[in-house]
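Visitor: Before anything else, here's the structure in question.
The values are calculated or read from the model by the stated rules, or taken from the named source; none is laboratory data. As the structure is a prediction and not an experimental result, all values here were calculated from the model. Here the Cβ positions follow ideal geometry from the backbone for every residue, glycine too, while neighbour counts run over all protein chains shown. Ligands, DNA and RNA are stripped out before the accessible areas are found, and what is left, the full protein with its side chains, is counted by its heavy atoms. Shrake-Rupley method; radii C 1.70, N 1.55, O 1.52, S 1.80 Å.
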Amino acid sequence: MRLERWGSTFLSYASQDGQSWVLVGSYSQALPGNVLVGAFLCSDSSEKLRGVEVTFTDWQTNLAGHAVPEYEEFIHFGEPVFSTGGSSYVGSLGAWRANSDGYVVALDYRGDLDYDVHVPEDGYYRFDLSIREGNEFRDASQFRLLAFAGDVFLGEVSTPALSSASTTVSFQLPWLPSGVHPITIKWLPVEAGASLQIDSIALVKAEFLDATAGALWVSEQIAGEFALAAPGAVASFVSPYNLYGNAKNLELVSVVRDADNVGFAPSRALRESFHVDLPLGVGVDAETFSISSHGGVLSESVSLQWALTNFADLESMHVSHVRPGDSLLLGWRDEAGEMPEHGVYLEIFKAESGQELPLTDGVQSYSDLTVAPVDATSRDAFLGEGIPSALDAITAERALLESGTPIAFTHPERETLPLASAPADPVHLLDGFGLRTGEVAAVRFETPGRYIMRSTWREADGEIYESILEVEALDVDLGPSVTAQVNYVRDWSPVNAPESAILKLDAGLSLTEHSSDTVRNFDLLLSSPAGARIIARLPGSGAVADSTQVHAIMDYSRLFGGYQKVIGEFADGSRIIEFTLAIGGAIPDDLRVHLTPLGAGTLFEDGTLEQWITADQLDELGRYRYRIIVPGDVRSNACHTYQLFHGNQAIGERI
């Protein structure tokens with residue numbers, strides 16, 4: 001847990017790992033400059049008072065972090081720089097009634113409101129909501145609010161609100177440039193019958209009495225919102241280089257290659273991180289890329305050099321996994337930067353292990369036509385017989401080159417044949433080519449699978465040597481987005497996630513892997529209504545191979561007793577009882593709900609013993625009304641079960 005103080009506003013955070021923090025609440029109250037800090041636990045019950053011993057561990061006070069008491073004396077939130085009535089929303093979910101006095105009140109059990117907020121200048125702001133219980137016949141209600149600035153999750157607040165007086169709810173915004181920014185407020189129901197009223201919204205800028213300390217605070221805040229995992233000079237064996245970094249607001253991030261001012265679009269990794277592929281060139285000096293954010297306030301650069309996969313020193317090569325489409329730069333250099341006099345022959349195989357490769361025959365197979373001119377008659381006769389193998393192909397290439405025929409000895413963007421075209425033999429030669437002094441070859445691994453690369457060369461003493469490198473192009477596919485019911489375990493199996501792929505998760509999401517000899521299978525538990533993300537990274541390079549989104553849905557039916565009511569009675573005493581199913585969140589198109597009566601003689605209105613409800617039958621707020629007939633001699637209140645399915649996968653407990 002973490003508590004921050006901003007003037008008269010307190011922000012509370014929770015974290016599963018002590019690194020990624022989620023805002024879970026805020027509270028505003030005028031207090032003196034000096035307050036006591038501590039922690040306590042309350043049973044929140046006036047009926048059952050039990051003594052429980054509680055121990056708090058790892059208690060710390062951080063006087064050097066962001067928004068902590070050290071800055072209290074010079075951070076000031078003054079008058080709003082932008083304010084308007086709650087009824088000035090530009091988009092909504094659910095039914096709302098706007099009042100001429102400027103407030104808006106909900107007419108449904110939950111809903112969303114979208115606002116356009118005008119930011120006068122770059123900087124840090126606090127977004128304030130003035131709310132109350134909108135039903136004048138209720139004294140107070142508990143409200144749960146989520147806030148988003150675009151796709152940036154600002155946090156979650158749970159607070160009581162009176163009907164007789166307004167309550168201020170605050171969300172700390174990330175750095176924003178001047179202009180108009182969308183902010184969405186999502187109201188999640190906590191109590192039946194509650195009605196959210198928003199009187200007004202306001203934007204308040206963080207101001208600093210001490211300019212020097214304020215500038216330091218701003219720089220620390222920005223550093224917490226944007227940073228590269230590895231800035232500076234980087235030698236990458238793999239092209240493209242997968243740059244990774246932290247970014248709260250992806251729209252602020254700019255990635256540009258300095259040489260030609262070409263931009264590269266970053267992609268979202270986890271909720272507050274990003275990655276982008278940066279291509280590397282053959283035979284070029286190190287290329288510099290500039291990565292900036294926050295309107296150029298913070299800028300980093302990386303200087304990328306495509307490192308040679310050196311078959312003369314494979315111990316220096318630490319990459320064993322690549323992504324399909326990635327490339328390696330192959331070559332041979334000794335400590336003096338030289339190559340064998342007669343060149344090097346490279347072969348690329350499909351095989352499970354280098355031990356399965358055919359042996360090199362130094363007398364018959366290793367041809368070297370670079371030491372003397374080639375007889376044109378012999379060359380033509382050789383080509384006329386056809387080229388039965390990759391080894392013969394490279395022999396022909398050398399012959400054509402020596403005769404002056406304009407065919408390149410190597411191609412700077414040489415591609416391997418796709419593995420799909422190889423026969424099912426245990427070992428298959430995909431490609432073969434030669435390299436002479438100063439030459440390199442960029443090999444692209446188009447399809448997943450295990451590649452074995454072998455270099456063969458003749459030393460000055462006439463002996464033949466070889467070195468072997470194994471690289472696997474990992475086929476990683478986390479599959480389509482996942483839907484999970486908050487706080488309920490569901491089963492999840494990625495389409496393909498090899499054991500060597502490293503899965504990383506957002507806070508608020510956990511995976512528990514099952515033992516399996518076939519596919520990886522997990523228990524997935526989502527605790528955040530804001531959803532979460534999963535990424536798969538390669539071992540070694542850490543490149544992001546794939547990502548997927550976990551969407552949250554919540555079942556509100558049980559909270560409100562199913563919205564049941566008796567709507568009719570037959571002459572024999574049988575009753576018709578209507579229920580309302582209520583589901584909120586990111587409802588997928590293939591959501592299904594299975595309904596089954598439990599009571600003897602209990603049927604659905606159409607006479608069936610089960611019903612399947614599909615997503616297209618739900619209304620805008622995820623509601624569906626259905627009816628159950630209960631026989632007159634059954635003292636049941638139409639008990640039944642229902643279970644949510646994402647496609648064919650159950651995503652919640654049977655209720």
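Visitor: Going residue by residue through region 173-182, is there one that turns out to be under 22 Å from ILE131 (Cβ atoms), open to solvent by less than 30 Å² (accessible area, probe 1.4 Å), of a type outside the set (Lys, Arg) and part of a strand (DSSP E or B)?
Guide: No, region 173-182 has no match at all.
Visitor: Which of the residues spanning region 186-218 are over 24 Å from VAL152 (Cα atoms) and either part of a loop (DSSP other than H, G, I, E, B) or among the hydroxyl-bearing types (Ser, Thr, Tyr) (or both)?
Guide: GLU191, ALA192, GLY193, ALA194, SER195, LEU209, ASP210, THR212
Visitor: I want to confirm something. Restricting to region 609-620 and keeping residues that are free of Cβ contacts under 8 Å to residues at least 24 places away in the same chain and either charged (D, E, K, R) or in contact with a helix residue (DSSP H, G or I) (Cβ under 7 Å, 6 or more places away or on another chain) (or both), which single residue is least open to solvent (accessible area, probe 1.4 Å)?
Guide: ASP619
Visitor: I need every pair where a residue in region 78-105 that is on the phi > 0 side of the Ramachandran plot has its Cβ under 7 Å from the Cβ of a residue that is open to solvent by 60 Å² or more (accessible area, probe 1.4 Å), sequence separation at least 6 or different chains.
Guide: From region 78-105, the pairs are GLY94/GLU620.
Visitor: Kindly provide the set of residues from region 487-528 that are outside any strand (DSSP E or B), open to solvent by 20 Å² or more (accessible area, probe 1.4 Å) and under 17 Å from ILE651 (Cα atoms), ordered by number.
Guide: Once the filter is applied, which keeps residues that are outside any strand (DSSP E or B), open to solvent by 20 Å² or more (accessible area, probe 1.4 Å) and under 17 Å from ILE651 (Cα atoms), region 487-528 yields ASN487, TYR488, SER493, SER527.
Visitor: For ILE629, are the conditions met, namely being closer than 30 Å to ALA95 by Cβ and either open to solvent by 20 Å² or more (accessible area, probe 1.4 Å) or assigned to a strand (DSSP E or B) (or both)?
Guide: It is false that ILE629 is closer than 30 Å to ALA95 by Cβ and either open to solvent by 20 Å² or more (accessible area, probe 1.4 Å) or assigned to a strand (DSSP E or B) (or both).
Visitor: Can you pull out the residues in region 255-274 that are touching a Pro at 6+ places or on another chain (Cβ under 7 Å) and not aliphatic (A, V, I, L, M)?
Guide: Of everything in region 255-274, just one residue is touching a Pro at 6+ places or on another chain (Cβ under 7 Å) and not aliphatic (A, V, I, L, M), namely PHE274.
Visitor: Any idea how many residues of region 529-539 are part of a loop (DSSP other than H, G, I, E, B) and either open to solvent by less than 20 Å² (accessible area, probe 1.4 Å) or farther than 28 Å from TYR241 by Cα (or both)?
Guide: Adding up the residues that qualify gives 4.
Visitor: ALA202 fails exactly one of the following numbered conditions: (1) open to solvent by less than 50 Å² (accessible area, probe 1.4 Å); (2) under 29 Å from PHE274 (Cα atoms). What is the number of that condition?
Guide: The single condition ALA202 does not satisfy is (2).
Visitor: If you don't mind, another one. Name the residues in region 453-472 that are crowded, with 22+ Cβ neighbours inside 10 Å and among the aliphatic types (A, V, I, L, M), would you?
Guide: Passing the criteria: MET453, VAL471.
Visitor: Assuming LEU154 fulfils every condition listed in (1) over 19 Å from LEU250 (Cα atoms); (2) part of a strand (DSSP E or B); (3) modelled with pLDDT of 90 or more apart from one, which condition is it?
Guide: For LEU154, the exception is condition (1).
Visitor: Can you tell me which residue in region 136-159 is nearest to TYR115 (Cα to Cα), limited to those that are open to solvent by 50 Å² or more (accessible area, probe 1.4 Å) and touching a residue at least 60 places away in the same chain (Cβ under 8 Å)?
Guide: Once the filter is applied, the top-ranked residue is ASP151.
Residues checked against (1) modelled with pLDDT under 90; (2) open to solvent by less than 60 Å² (accessible area, probe 1.4 Å):
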residue	(1), (2)
PHE570	yes, no
ILE577	yes, yes
ALA586	no, yes
GLY599	yes, yes
GLY607	yes, yes
GLY622	no, yes
VAL634	yes, yes
CYS639	yes, no
LEU644	no, yes
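Visitor: So, one more: Among the candidates GLU73, GLU79, which residue alone is at pLDDT 55 or above, of a type in the set (Asp, Glu) and either touching an Asp or Glu at 6+ places or on another chain (Cβ under 6 Å) or more than 26 Å from TYR115 (Cα to Cα) (or both)?
Guide: Every option except GLU73 fails the conditions.
Visitor: Pull out all pairs, ordered by first then second residue, where Cβ-Cβ is under 6 Å, the residues are six or more apart or on different chains, the first lies in region 441-463 and is farther than 18 Å from ALA351 by Cα and modelled with pLDDT under 80, and the second is open to solvent by less than 10 Å² (accessible area, probe 1.4 Å) and not in a loop (DSSP other than H, G, I, E, B).
Guide: TRP457/VAL344
Visitor: Name every residue in region 494-532 that is in contact with a Gly (Cβ under 9 Å, 6 or more places away or on another chain) and farther than 30 Å from PHE148 by Cβ, in order of residue number.
Guide: ASN496
Visitor: Name the one entry in LEU196, LEU162 that is aliphatic (A, V, I, L, M) and either open to solvent by less than 20 Å² (accessible area, probe 1.4 Å) or out of contact with any strand residue (DSSP E or B) (no Cβ under 6 Å at 6 or more places or on another chain) (or both).
Guide: LEU196
Visitor: Among the candidates ASP606, ASP616, ASP572, ASP589, single out the residue that is more than 30 Å from GLU472 (Cβ to Cβ) and part of a helix (DSSP H, G or I).
Guide: ASP616
Visitor: Consider region 254-272. How many of its residues are surrounded by 14 or more Cβ atoms within 10 Å (Cβ to Cβ), free of Cβ contacts under 8 Å to residues at least 60 places away in the same chain and assigned to a strand (DSSP E or B)?
Guide: Qualifying residue count, region 254-272: 4.
Visitor: Six or more apart or on different chains, Cβ atoms under 7 Å: show the pairs whose first residue is in region 233-249 and free of Cβ contacts under 8 Å to residues at least 40 places away in the same chain and open to solvent by 20 Å² or more (accessible area, probe 1.4 Å) and whose second is small (Gly, Ala, Ser) and assigned to a strand (DSSP E or B).
Guide: Note: pairs meeting the criteria are ASN246/ALA227; ASN246/SER273.
Visitor: Among SER200, SER170, SER195, which is the only one that is of a type outside the set (A, V, I, L, M, F, W, C) and either closer than 30 Å to ALA269 by Cα or free of Cβ contacts under 8 Å to residues at least 60 places away in the same chain (or both)?
Guide: So the residue among SER200, SER170, SER195 that is of a type outside the set (A, V, I, L, M, F, W, C) and either closer than 30 Å to ALA269 by Cα or free of Cβ contacts under 8 Å to residues at least 60 places away in the same chain (or both) is SER170.
Visitor: For region 99-116, state whether one or more residues are under 30 Å from TYR624 (Cα atoms), at pLDDT 75 or above, open to solvent by 70 Å² or more (accessible area, probe 1.4 Å) and hydrophobic (A, V, I, L, M, F, W, C).
Guide: Taking every residue of region 99-116 in turn, at least one turns out to be under 30 Å from TYR624 (Cα atoms), at pLDDT 75 or above, open to solvent by 70 Å² or more (accessible area, probe 1.4 Å) and hydrophobic (A, V, I, L, M, F, W, C).
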